[in-house]
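A short reminder: the numbers here are calculations on the coordinates, not readings from a lab. Values in this document were obtained by computation on a predicted structure and should not be read as measured data. Positions of Cβ are generated from backbone atoms using ideal geometry, with glycine treated the same way; all protein chains shown enter the neighbour counts.
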Amino acid sequence: MFRHRFYFSALLASLCLLAAGTASAESYKGLLKKGYSVGTMSQGKSGSLGWVLSGKDGKWFCKGKFSLAVVDSKTLVSVLASGKMIKVDRAVFEDSIGGPDPSLPNLADLKAGRVEPRHVGSCTPLRG
């Protein structure tokens, strides 16, 4: 009797998990190929920075995957996980790493939604 109850409970729990649905995710490149347009940089519910992509099938939020961005010839910003930006002296930073880093994104481009796929993390659907 106990075994039957245990198996029934396990089966019921499994069915509940399946009914809840699976988490869906999509790549930034995949969404662009489907014709989605990129909005300006915004802050998600978690505080992380990213972009809302809009298309005929709905909207997706794609998290930013960068920690430094170029502001101008003298200034960089360090982006924390909370979305807060801290100014960094560019000359001091470049001296510490041995020279300029051409892979750093431009903050103005990121804010405008002109973002390369390497600077974008996971994308999740927006509800409502």
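Between ILE86 and SER42, full extension at 0.36 nm per residue minus the direct alpha carbon distance yields a gain of 14.2 nm.
Under the convention that each Lys and Arg Cβ holds +1 and each Asp and Glu Cβ holds -1, the size of the dipole of segment 24-125 around its Cα centre is about 480 debye.
Listed by chain and number, the aspartates and glutamates whose C-alpha is less than 17 Å from the C-alpha of LYS34, apart from same-chain residues fewer than 8 away, are GLU26, ASP57, GLU116. In terms of the mean number of neighbouring beta-carbon atoms within 10 Å, the peptides 107-114, 61-68 order highest first as 61-68, 107-114. Stretched out straight at 0.36 nm per residue, the stretch from LYS29 to ASP101 would grow longer than its current Cα-Cα span by 23.5 nm.
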